[in-house]
Amino acid sequence: MASNKITQLTYQMNILNSLEIKEDIYSPIFSTGDNLLWQLWFVPIIRNPMNNKEYCSIYILPVANPDETSWRKRSKFSIKLSVKEIKNFQTYNLISSNNELSISPDTKIENGYGYPEAFERTSLYNGELIICVTFDNIEYRDNKQYNNSISLDPLPENLVAAWKNQLFNIQPVDVEFNVQGEKFYACSSILIQRSKYFENALSGMWAESTVNNQNEDIYNETKVEKNIKEGETDKEIVDSVKSVDLKDNSEEMNEEKLKQQIKHRIYISDYKPFSFAKMLCYLYTNQIDWTNDNNGMDETTDENISFTIEIYCIADRYLLTDLRQRAKNRIFEELTVNNVAEIMFRLVPKYEDLKEPILSFMAENFEEVCNSKGFKDVLANPNDYTYYNRIMSEVLSQHFKIQKARLNKQNLQTHTPVNVALPPMRPLPPAGMRPPPLPLPYNPSVGFRQPSQSTNSNNNNNST
């Protein structure tokens, strides 16, 4: 059965005896498709200290997915809130739906939007309050039945198998990662199930592993990854120990017992500890927290995409296809005129699947990109980018193609022919009679023009 496509969706929440409501009310969670979930929030009493009046508030709240940090996907909607009350068969409009909420794509996902002073509480009649939210510009198909509960994606089979194995064959942490001096611990049984890379690295295909500490498997990824420079020394090991197997389990283990448990020690210098920890959490939970809260610093767009890029590179290195795709999608979402140049010149040459969308974005916005700090930094240091000349040539070529297409479109719009009624066909002259002079060629700006009267008179005189 074919599904019907819906471009507008309205959800409403009904509240009886409006004046008797004293506590906040939240609607059930509902969906606009594409796994985007929402809630309505009604606040019955808000007092304004300036005028000492009581108001009611109404908000639309996003119910965030694990990968969401901003309103980027949701800001494409046209969202309108309206409130009306029915009492004794009379309808009273408290908020009309004419005003559209304007929400920036970079707004943090924790923030809801609405009207803090929607209407005065004294305007209520203690009737049935109807709160509506209308979404336009949506892509929603009604071939699925949604209920009021949050639907979760099924867990990957390899994660289920890994935890089943851990349940019936209890295995303590036996892998130690030393990431730029910070230590992380994990179970090889989980890592092997979740990543082909770790399956090869920890099953003896790349290094020999034994149970006892004297012959433990100690290797640096510089010996496995040929693109890392040889001769790199290990960084100093710090005292703080982080575990992703059980919360604070490293603090409960004594040092001697921990040393006996560890079979594999892996040194990593390519990635930041913060990003590597996020990857390990993904292996254990299939979820990734995109919040870049490292060092407690506020997030900026450039910091966000740098973190996303590092997750993308980590996922590519460790053959985590799903995580790589998630990071790839976020890179495209977080592109700006300021960061696209650095990504285009440094990242795209290594990962060909990123090229087309990023090249198109840069070429289409080339005038703005040229004025950005990111592009000027690239121009100031061309030797830092191996394929600088080739990439610049591709960007300019694509830009000129887009400019040419735009000019052609403008020319077509400017010279679009207008429907003009043509004059009727003139009858043929009788046999032997000279036909009258033909009109001058048609000119759209002046219409048809006949020869001047003086010319006609001269012709008549000559013929006489």
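Bear in mind these aren't lab numbers, they're just calculated from the coordinates by the rules spelled out. Computed from a predicted structure; not experimentally measured. As a convention, Cβ positions derive from the backbone with ideal geometry for all residues, glycine included, and neighbour counts pool all protein chains shown.
Using r as the Cβ-Cβ distance of Asp67 and Tyr197, and R0 as 30 Å, what FRET efficiency do you calculate, to the nearest 0.05?
Approximately 0.85, to the nearest 0.05.
Work the Kirkwood hydrodynamic radius out for segment 77-135: mean of 1/r over every pair of different alpha-carbon atoms, inverted, in Å.
13.0 Å
Could you please report the charge total around Val378, scoring K, R as +1 and D, E as -1 over all other residues with beta-carbon less than 13 angstrom from its beta-carbon?
Here the charged neighbours net out to 0.
Looking at segment 82-140, which chymotrypsin sites (Phe, Trp or Tyr not before Pro) are DSSP coil and have at most 12 other C-beta atoms within 10 Å of their C-beta?
Filter output for segment 82-140: Phe89.
Write out the trypsin sites (Lys or Arg not before Pro) in segment 310-384 meeting two conditions: DSSP loop, and at most 12 other Cβ atoms within 10 Å of their Cβ.
Those satisfying the criteria are Lys350.
Can you tally the net charge around Ile130? Count Lys and Arg as +1, Asp and Glu as -1, for every other residue whose Cβ sits under 9 Å from the Cβ of Ile130.
That sum, taken over residues with Cβ under 9 Å, equals -1.
Do the alpha carbons of any pairs in Lys355/Lys404; Lys183/Lys350; Lys263/Lys328; Lys22/Lys73 sit beyond 31 Å of each other, and which pairs?
Lys263/Lys328; Lys22/Lys73
Can you give the local net charge around Trp41? Use residues other than it whose beta-carbon is closer than 14 angstrom to its beta-carbon, Lys and Arg +1, Asp and Glu -1.
With Lys, Arg at +1 and Asp, Glu at -1, the neighbours total -3.
Based on alpha-carbon atoms only, what is the radius of gyration of segment 8-136 relative to the globular estimate 2.2 N^0.38 Å?
The value comes to 1.08.
Which loop-located GluC sites (Glu not before Pro) does segment 15-114 contain, where loop means any DSSP state but H, G, I, E or B and the Cβ has at most 12 other Cβ atoms within 10 Å?
Passing sites in segment 15-114 are Glu23, Glu110.
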